[in-house]
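Beneath this line is the structure, given in structure tokens, with notes to follow.
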Amino acid sequence: MEKWRRSERMVLITKMLLENPHQLFTLGYFAELFQSAKSSISEDLSIIKNAFLETGQGNMETVSGAAGGVRYLPYNSPAVEKEFLDDLARRLSDPRRILPGGYLYMTDIIYNPAIVAKIGTIFAHRFVGKEPDHIVTVETKGIPLALMTAKAFNISLVIIRDDSRVTEGSAVSINYFSGSSKKIGTMSLARRALEPDARVIIIDDFMKAGGTAKGMIDLMKEFKAEVLGMGVLVDTKEPEDKLVENYLGLLELKELDEKNEKVTIHSKNLTEDV
């Protein structure tokens with residue numbers, strides 16, 4: 001095979017890194033793949049890393065040692081992140097999104113791949129030091145957000161159902177109290193879904209009182225899984241005392257006035273530590 005040009009190598013290396021976030025690649029792997037010296041590959045990676053950093057599109061982490069290498073960590077710069085969340089808040093503050101009963105229409109946002117991919121990157125960046133084994137959510141609207149978060153971490157998604165599925169084998173089920181609807185619900189998860197002592201992050205689309213979130217945490221206890229963190233796209237200002245603590249909300253619903261057709265949603269000032 002003829003020698004690869006640097007421009008060709010860098011395009012393909014960048015593609016592989018972007019498609020496999022958090023996966024460790026050794027210099028030897030790239031050197032063998034492109035039939036190039038490790039020193040040349042190292043220079044390629046340095047150029048790619050600087051491009052990521054200068055454009056605020058992520059970072060490349062170097063892991064030293066015999067089993068070391070490089071891996072891509074996706075994130076957006078604070079300015080890009082803030083602009084994206086502010087725009088999302090404006091879109092969701094449209095009074096035409098108010099539904100009868102005081103609900104907010106978010107389906108078009110939640111099922112837009114370009115939007116949820118960016119949200120998944122934000123969650124993955126905020127929880128980057130946690131090193132989860134799985135992302136967990138409850139059906140159904142939280143699935144796209146959780147899936148894109150799992151993709152950004154390059155790990156699997158686990159979906160909690162509202163009842164057991166014959167196709168998933170035996171399951172563990174619990175009852176939980178929904179603080180928003182004031183109803184008792186059921187959550188179910190297949191016993192094979194999580195290995196013992198799994199480390200998980202919970203992702204969901206909306207939180208009002210936190211009853212569903214608490215139910216997911218309680219279900220994880222049944223599996224002896226460690227909940228490393230929780231992220232939600234939108235939480236409500238009221239009630240202030242949620243049933244769960246230490247969660248990351250990206251947007252806050254401050255007001256939803258069905259009678260006067262007014263919705264107020266603001267982006268939050270996110271910190272690096274969650």
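Each value in this text was obtained by applying a stated rule to the coordinates, not by laboratory testing. These numbers come from a predicted model, not from an experiment.
Numbers for the structure displayed
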read-out: Nonlocal amide H pairs with GLY58, under 5 Å, H built at 1.01 Å; value: TYR75
read-out: DSSP beta bridge pairing in the chain, given as percent antiparallel to the nearest 5; value: 55
read-out: Semi-axes of the equivalent ellipsoid for segment 163-224, Cα gyration tensor, largest first, Å; value: 21, 14, 9
read-out: HN-Hα J in Hz across segment 23-32 - Karplus 6.51, -1.76, 1.60, θ = phi - 60°, x for Gly and Pro; value: 7, 7, 10, 8, 4, x, 4, 5, 4, 6
read-out: Choice from TYR29, TYR75, TYR247 with maximal GNM fluctuation in the chain (Cα, 10 Å cutoff); value: TYR29
read-out: Residue-by-residue Karplus 3J(HN,Hα) for segment 216-224, coefficients 6.51, -1.76, 1.60, Hz, glycine and proline x; value: 5, 5, 4, 5, 4, 5, 5, 9, 6
read-out: Integer Hz, Karplus 6.51/-1.76/1.60 couplings in order for segment 66-73, x for Gly and Pro; value: 4, 9, x, x, 10, 8, 8, 10
read-out: Using distinct alpha-carbon pairs, which all enter the 1/r mean, Kirkwood radius of segment 150-255 in Å; value: 14.6
read-out: Paired Rg and Dmax values of segment 78-267, which use every Cα atom, in angstrom; value: 16.4, 51
read-out: Relative contact order for the chain, counting Cα pairs under 8 Å that sit 6 or more residues apart, in percent; value: 15
read-out: Fraction of antiparallel bridges per DSSP, segment 118-274 only, in percent to nearest 5; value: 40
read-out: Dimensionless Rg ratio for segment 6-74, taking C-alpha atoms and the 2.2 N^0.38 Å reference; value: 1.00
read-out: Under 13 Å from the Cα of LYS151 - aspartates and glutamates, other chains or at least 8 residues apart; value: GLU19, ASP133
read-out: Long pairs among LYS118/LYS214; LYS118/LYS259; LYS38/LYS82, criterion Cα-Cα beyond 29 Å; value: LYS118/LYS259; LYS38/LYS82
